[in-house]
Amino acid sequence: MKIKNIVLGLGIIIVYMLALHQGMETFYPTPEYEDYCDIRVGPIGREPGSCQNVPELTIKAEQCYQAKGEFVYEYDSNGCPIDGYCDDCRIDYEAAVDVHSSRVFIVALIIGVVVFVVGLFLLATEPVGSALMASGILSVFYGVVQNWRNFTQAWRFLLLFVLLIILIWVALRFNDKRKKFGFKGK
């Protein structure tokens, strides 16, 4: 394979991935934290340890974080935390991100399979065919990475194992057909 084909193939793959990501963000943007929760900053300039440690407040905050909430501190005139409440905005944000990730996974998976199959049919046209096959594989990878947070360990293993088996099967089947028809690799 000539160097120009390698460079062109890599260019196709890189631009494809950038276009896939930008297309997803343009037509189905990722939820922004600020759309669900206010960014709150406590008083600035307090020395660590200069405020009285309130164990009940720490426990209350930890319970809020474990429930996936966002603990909002209330401060006294000295800038020390004296109370607070659990804001469930983070729960809504995390739910929106989960839904978004699942949908991006499905769309990227469909696009990846289509692009991979198109690449198989265009394989004789180098470097377009092989670059599209690689782009299809990377689309699936992109979707899996975007939705990784929603998969359990067992689903992660099963998904990756099935994808590996499919890729091996396609490679074996494709190379077997090339041998039958007398095609020689270059």
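The values are calculated or read from the model by the stated rules, or taken from the named source; none is laboratory data. Predicted model, so just to flag it, every value in this text is computed and none were measured. Here Cβ is always computed from backbone atoms with ideal geometry, including for glycine, and neighbour counts include all displayed protein chains.
Look through Val162, Val97, Val107, Val144 and report the one residue that is assigned to a helix (DSSP H, G or I) and surrounded by fewer than 16 Cβ atoms within 10 Å (Cβ to Cβ).
Val162
So which of Ala134, Ala154 is hydrophobic (A, V, I, L, M, F, W, C) and free of Cβ contacts under 8 Å to residues at least 12 places away in the same chain?
The match here is Ala154.
Against the conditions (1) surrounded by 12 or more Cβ atoms within 10 Å (Cβ to Cβ); (2) of a type in the set (Asp, Glu); (3) modelled with pLDDT of 90 or more, where does Glu126 fall short? Just the number, please.
Result: Glu126 fails condition (3) only.
Here are the criteria: (1) crowded, with 17+ Cβ neighbours inside 10 Å; (2) over 22 Å from Phe174 (Cα atoms); (3) of a type outside the set (Phe, Trp, Tyr). Tell me which single one Ser135 does not satisfy.
(2)
Looking at this structure, is Val114 among the β-branched types (Val, Ile, Thr) and over 19 Å from the mean Cα position of the chain (by Cα)? If you could, list the steps in order and put the result at the bottom.
On the way: among the β-branched types (Val, Ile, Thr): yes; over 19 Å from the mean Cα position of the chain (by Cα): yes.
Criteria met by Val114.
Are there any pairs, at least 6 apart or on different chains, whose C-beta atoms fall under 8 Å, with the first in region 5-34 and within 19 Å of Asp98 (Cα to Cα) and the second hydroxyl-bearing (Ser, Thr, Tyr), and if so, which?
His21/Tyr142; Pro31/Tyr93; Tyr33/Tyr93
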